Each structure stands twice: as structure tokens, then as C-alpha cells.
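Below is one structure, written out as C-alpha cells; comments come after it.
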Amino acid sequence: MGSESFWSERRVWITGASSGIGRAIAERLDPLGARLALTARREASLRQLAESLSGEAVVAAADVSDLGQMQSAGARVAAELGDVDVLIACAGVYRLTDGRQWDAATVNEVLRINVEGVSNAIAVVAPSMVQRGAGHIAAVSSLAGLAPMPGGAAYCASKAALIALLDSLRLDLRQAGVKVTTIAPGYVDTPMITDEERQTLHDLVTADDAARRCCEAIARGQSYAAFPWRTRWLVKLAQRLPRWLYDRIMADAPPMAESIRSESASDVGGHLQADDAADDQRDE
């Protein structure tokens, strides 16, 4: 089955759909005949997106970090769309974490949205998928989960945790007929990226290209998708360096910049996102 024909009539629930990679995925899957459900905190943005699509889309606004809200959103999706075939969890947030001025509240916020938010989405769809013996769970992590960055303690930790969560989930669901895909991009051009980064980063991937890679990886049943290839290669190289050498190389690296701090941030998805460790792609 071709990667595009795979999506026809698939019931797909996208979190973080109001902007960034999540929105780009919705816009890519709509003409392929997918039946979409859209979740983010900003209902107005979701409705605007839904109205721009050619097919009908279920709008189910929710804060992914709130399990109760996600359960309510999931109930609405099930009532209007039916059982979800594919979950694509894109909601994520980046906050600059200065280790010299540690802010536990900020760190906890990032972990709550980036890790618990994905867990909450999985909790809503997994029971039905296991019962049916079919389904696909995908989430956007980041290559940052494999390569620590200055100022990125909370974000990198959340993406590393997400990679481990999905790896373990894949093992648990293998015999149940449910597939799991980890999407690990590098830098993706979303509202999380600063103007300076847009001018200086070499391997900046557009949200549309990231969406294409995500959708192709899911359709092919890949376990991992990390991209772009050069960023993925550099991360793999960094993982093989002695820790003292990595620390010395990164000593003068600028911290991961924070471009936005607003309610919409958790709907974006896409700073230095991580991916693959064995397959062939990358994003968040």
C-alpha cells in the first residue's frame, strides 16, 4: 500500500493541531482522505483550521496536560468520528532552563506538557486499540532528547523521557497489533524558532517537510523516524564522544533560545526535535 493511499478513510487524532507540525500534518492528510480530529488549547485556531480543510474535521479543544480534559476530548472524538486508527501527538513546549537559576515550576511545566501530555493522549486511545488488535500511536520527540544542549535541561529531559516511553510502549504493544512510531526531528521552522535561528541554522526543516516525513514514517510502519540526515548523523557522533570532550565542545555553545512564552506554546511542537536511532528520518 502506498504511503498516500494508506491515509484514505483513516480516523486520525492530532494533538497540537493549531500550529506548527500538528497543523501541517492536518493540512497534508486532509486531501489524502483522512478523517481528522483536531486538539489543542486554542479552540478558535482549531476551528479556523477545520474551516480551511476540504473535509469535515472534529474539533475537540483540550489541554493535553489535563487528563480529564483529554478524556472528554476523546469521548467527543469517538462519538463524532469513531474509534481512532492513528494518534499523532504533536503538542509540545520549549522553555529556556538556566541551570544557574533553576526554576522547578518551569521544568515541571515542560515535563507535564511534553511527557504527561503524550501519556494522557495514549491513555485515551490505547484501550480501544488493544481491544481491536489494531491501531497506530505516533508522537513527536526530538533529537534534543539524545544530545544535551545548554539551556535545554527541561526540554531535552522531556524528549529523552518520551523516547524511552515510546520504546517501551512499542515492546508492550507489539503482540497486541498496535504499532508505535517515534518521530525525532532536528530544528523545525515553527513559532518555537527565533528569527536569529532562521538566519543561522543550516539544517532547518520546514513544518511542511517535517509533516511529510512524519506521515510517510507512520504509513510505512517505521518504529523511528529521525531527520534531517546530517543533524541525525551529528547527534549520533556526539553520543560516541567521551563525556569530557562533549562538555568541552559544548562549553561555548549558545543556549537554546526561547522565542515565545504564551498559552499557544504548548500547541506548537518543533524546536530541536529528536528522532531515530536506527531507521531513516527526524522532527517535533
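The values are calculated or read from the model by the stated rules, or taken from the named source; none is laboratory data. Note that the coordinates shown come from a computational prediction; the quantities given were computed from them, not determined experimentally. We place every Cβ from the backbone using ideal geometry, glycine too, and count neighbours over all the protein chains shown.
A few notes on this one:
- Some residue of segment 110-121 being among the small types (Gly, Ala, Ser), touching a helix residue (DSSP H, G or I) at 6+ places or on another chain (Cβ under 8 Å), closer than 24 Å to THR231 by Cβ and buried (at least 16 other Cβ atoms within 10 Å of the Cβ): no
- Listed by first and then second residue, the pairs linking a residue in segment 227-252 that is under 14 Å from PRO150 (Cα atoms) to a residue that is in a helix (DSSP H, G or I), with Cβ atoms under 7 Å apart and 6 or more places separating them unless they lie on different chains, are TYR246/ALA238.
- Of residues in segment 214-238 being aliphatic (A, V, I, L, M) and assigned to a helix (DSSP H, G or I), the one surrounded by the most Cβ atoms within 10 Å (Cβ to Cβ): ALA217
- Cβ-Cβ distances below 7 Å connect the following pairs, each with a first residue in segment 100-129 that is more than 12 Å from SER65 (Cβ to Cβ) and free of Cβ contacts under 8 Å to residues at least 60 places away in the same chain, a second residue that is hydroxyl-bearing (Ser, Thr, Tyr) and buried (at least 21 other Cβ atoms within 10 Å of the Cβ), and a separation of six or more residues or different chains: THR106/THR97; VAL107/THR97.
- When ASP247, ASP252, ASP195 are checked against the criterion of being surrounded by fewer than 17 Cβ atoms within 10 Å (Cβ to Cβ), of a type in the set (D, E, K, R), more than 18 Å from the chain's Cα centre (by Cα) and at pLDDT 90 or above, a single residue qualifies: ASP247.
- First in segment 26-49 and closer than 17 Å to ALA207 by Cβ and without any contact (Cβ under 8 Å) to a residue 40 or more places away in the chain, second anywhere and surrounded by 17 or more Cβ atoms within 10 Å (Cβ to Cβ) and of a type in the set (Ser, Thr, Tyr), Cβ under 8 Å, 6 or more apart: LEU38/SER18; LEU46/SER18; LEU46/THR39; LEU49/SER18
- Pairs linking a residue in segment 70-81 that is closer than 11 Å to ALA37 by Cβ to a residue that is of a type in the set (S, T, N, Q) and part of a helix (DSSP H, G or I), with Cβ atoms under 9 Å and 6 or more positions apart or on different chains, are ALA78/SER128.
- Filter result for VAL59 (of a type in the set (A, V, I, L, M, F, W, C), touching a helix residue (DSSP H, G or I) at 6+ places or on another chain (Cβ under 8 Å) and touching a residue at least 24 places away in the same chain (Cβ under 8 Å)): no
- Positions within segment 10-39 being of a type in the set (Gly, Ala, Ser) and over 17 Å from GLU80 (Cβ atoms), in sequence order: GLY16, SER18, SER19, GLY20, GLY22, ALA24, GLY33
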